[in-house]
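To keep things clear, I will list the structure first and then write my remarks on it.
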Amino acid sequence: MPIAACWQRPSLHRVVAIPQAFSDWIEATSGARLLKRSPVGGGCIHSAWRLTLADGQELFAKTNRAELLPVLEAEAQGLEALARAIEQGQSSLRVPRPCGLGLAGGEAVLLLNWLELGTPTDPAQAWEALGAGLAQLHRGSLIGHDGRFGWERDNFIGSGPQANRWGETWGAFFAEQRLRPQLSWAADSGHALPGAEALLERVPLWLAEHPAEPSLVHGDLWSGNAALLQGGGGAIFDPAVYRGDREVDLAMAQLFGGFPRSFFNGYEREWPLEAGHQRRVELYNLYHLLNHANLFGGGYWQQSAASITALLHTWP
């Protein structure tokens with residue numbers, strides 16, 4: 001099961017008792033009294049809620065234990081960064097905007113504007129527009145960048161830690177900040193994978209000739225972290241942002257069920273991918289397989305081991 005926390009999926013709109021500390025925090029943060037809190041289905045890490053306020057606002061809230069506030073802080077920062085890149089790239093893509101973050105009693109809370117998900121009249125066209133919007137975001141995020149790969153803070157890939165120390169070259173960054181921490185985590189838990197060191201030595205060489213640019217990437221773009229909007233257009237959410245090769249988002253979009261073909265068509269029409277991009281898909285998605293193995297175990301260990309073996313046999 002993909003690890004990322006999910007977004008506004010259909011719910012029973014069941015009203016539940018509201019803790020007073022939560023109600024007070026919402027009123028202090030939003031300026032309006034909370035009338036109703038209904039659970040939203042689909043959350044994989046946090047509890048998710050649809051909030052109805054006395055001034056007519058509909059908001060979305062994620063809650064969890066107080067010690068997980070840093071996870072929500074990283075998500076809020078990522079959403080704000082994506083919003084800036086959308087503006088720079090003049091993209092039609094939507095992301096939820098943070099409008100509150102803090103502790104309500106013993107709970108960490110992230111408050112976002114509500115996005116009404118749904119099925120537009122022409123879903124294929126909408127997915128194509130979503131793909132084009134992602135390309136515009138990636139391209140827009142390159143405005144003013146300093147050429148480095150990484151991010152200003154470590155963050156999270158689902159509930160797992162994600163290292164983001166700045167690096168000058170993409171191949172070294174991907175080997176040292178993406179694959180090595182996951183492989184070390186695996187070894188420390190008694191799951192040392194054959195070929196791990198050979199893989200880490202070769203990855204920078206494999207990627208040396210690839211002209212990757214440090215786009216702002218979503219970082220966790222499986223199909224559960226994007227959706228079409230009821231009124232048209234598309235949105236992405238639950239990011240694990242950093243500056244990296246834009247192809248990592250397109251690679252993960254093929255994992256865990258994948259996105260429809262129209263999404264990829266829209267992206268490539270807006271900004272074609274570099275030659276050899278399909279060859280890099282398995283390498284980039286190994287990161288997510290390893291993260292799932294470390295978090296959930298099971299068949300993800302076999303998939304990760306098989307991927308390493310395949311990569312070592314198919315790349316020079």
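The values are calculated or read from the model by the stated rules, or taken from the named source; none is laboratory data. Just so you know, these numbers come straight off a predicted model, no measurement behind them. Note that we place each Cβ from the backbone using ideal geometry, even for glycine, and neighbour counts take in every protein chain shown. With ligands, DNA and RNA removed, areas are computed over all heavy atoms of the protein, side chains included. Shrake-Rupley method; radii C 1.70, N 1.55, O 1.52, S 1.80 Å.
For the list (1) open to solvent by 30 Å² or more (accessible area, probe 1.4 Å); (2) of a type outside the set (Val, Ile, Thr); (3) modelled with pLDDT of 95 or more; (4) within 23 Å of Leu229 (Cα to Cα), I need the number of the one condition that Ala76 fails.
Answer for Ala76: the failing condition is (1).
Please find, within the stretch 177-191, the residue that is farthest from Asn294 (Cα to Cα) out of those that are charged (D, E, K, R) and free of Cβ contacts under 8 Å to residues at least 24 places away in the same chain. Write out each step before concluding.
As a first pass, look at the stretch 177-191 and keep what is charged (D, E, K, R): 178, 180, 188.
Subset that is free of Cβ contacts under 8 Å to residues at least 24 places away in the same chain: 180, 188.
Values: Arg180: 13, Asp188: 10 Å.
If we take residues in the stretch 177-191 being charged (D, E, K, R) and free of Cβ contacts under 8 Å to residues at least 24 places away in the same chain, then Arg180 is farthest from Asn294 (Cα to Cα).
Quick one: how many residues across the stretch 222-253 are assigned to a helix (DSSP H, G or I) and either aliphatic (A, V, I, L, M) or over 27 Å from Ala163 (Cα atoms) (or both)?
Here is the first cut: in the stretch 222-253, the residues assigned to a helix (DSSP H, G or I) are 223-225, 247-252.
Applying the additional criterion that residues be either aliphatic (A, V, I, L, M) or over 27 Å from Ala163 (Cα atoms) (or both) yields 248, 250-252.
Selection size over the stretch 222-253: 4.
Looking at (1) over 26 Å from Ala175 (Cβ atoms); (2) in contact with a strand residue (DSSP E or B) (Cβ under 6 Å, 6 or more places away or on another chain); (3) open to solvent by less than 10 Å² (accessible area, probe 1.4 Å); (4) of a type outside the set (Asp, Glu), find the lone condition where Phe263 falls short.
Of (1) over 26 Å from Ala175 (Cβ atoms); (2) in contact with a strand residue (DSSP E or B) (Cβ under 6 Å, 6 or more places away or on another chain); (3) open to solvent by less than 10 Å² (accessible area, probe 1.4 Å); (4) of a type outside the set (Asp, Glu), only one is false for Phe263: (2).
Whether any residue in the stretch 86-95 is exposed (fewer than 15 other Cβ atoms within 10 Å of the Cβ) and more than 20 Å from the chain's Cα centre (by Cα) is what I want to check. First the steps, then the outcome.
Residues of the stretch 86-95 exposed (fewer than 15 other Cβ atoms within 10 Å of the Cβ): 87, 90.
This time we only want the ones that are more than 20 Å from the chain's Cα centre (by Cα), so: 90.
Taking every residue of the stretch 86-95 in turn, at least one turns out to be exposed (fewer than 15 other Cβ atoms within 10 Å of the Cβ) and more than 20 Å from the chain's Cα centre (by Cα).
Out of (1) at pLDDT below 95; (2) in a helix (DSSP H, G or I); (3) of a type in the set (Phe, Trp, Tyr), the odd one out for Phe256 is which?
So Phe256 meets the others, but not (2).
May I ask you to list pairs of residues, at least six apart or on different chains, whose Cβ atoms are under 6 Å apart, with the first in the stretch 270-283 being more than 19 Å from Arg178 (Cβ to Cβ) and the second being open to solvent by less than 70 Å² (accessible area, probe 1.4 Å) and of a type in the set (A, V, I, L, M, F, W, C)?
Final answer for the pair search is Glu270/Ala132; Glu270/Ala135; Trp271/Ala135.
Sort out which residues of the stretch 23-32 are touching a residue at least 60 places away in the same chain (Cβ under 8 Å) and open to solvent by less than 30 Å² (accessible area, probe 1.4 Å), and write them in order of number.
If the condition is that a residue be touching a residue at least 60 places away in the same chain (Cβ under 8 Å) and open to solvent by less than 30 Å² (accessible area, probe 1.4 Å), then Ile26 is the only one that fits.
If you take the residues of the stretch 274-297 that are crowded, with 17+ Cβ neighbours inside 10 Å and among the aliphatic types (A, V, I, L, M), which of them is farthest from Gly131 (Cα to Cα)?
The qualifying residue farthest from Gly131 (Cα to Cα) is Ala293.
Look through the stretch 298-316, keep the residues that are free of Cβ contacts under 8 Å to residues at least 40 places away in the same chain and either more than 20 Å from Glu201 (Cβ to Cβ) or small (Gly, Ala, Ser) (or both), and return whichever of them is least open to solvent (accessible area, probe 1.4 Å).
Taking the candidates together, the pick is Ser307.
Arg269: more than 21 Å from the chain's Cα centre (by Cα) and open to solvent by 30 Å² or more (accessible area, probe 1.4 Å), yes or no?
Yes: the conditions hold for Arg269.
Identify, please: which residue in the stretch 33-61 is among the charged types (D, E, K, R) and without any contact (Cβ under 8 Å) to a residue 24 or more places away in the chain and is, among those, least open to solvent (accessible area, probe 1.4 Å)?
Lys36
Within the stretch 62-73, how many residues turn out to be over 11 Å from Asp238 (Cα atoms) and open to solvent by 10 Å² or more (accessible area, probe 1.4 Å)?
8
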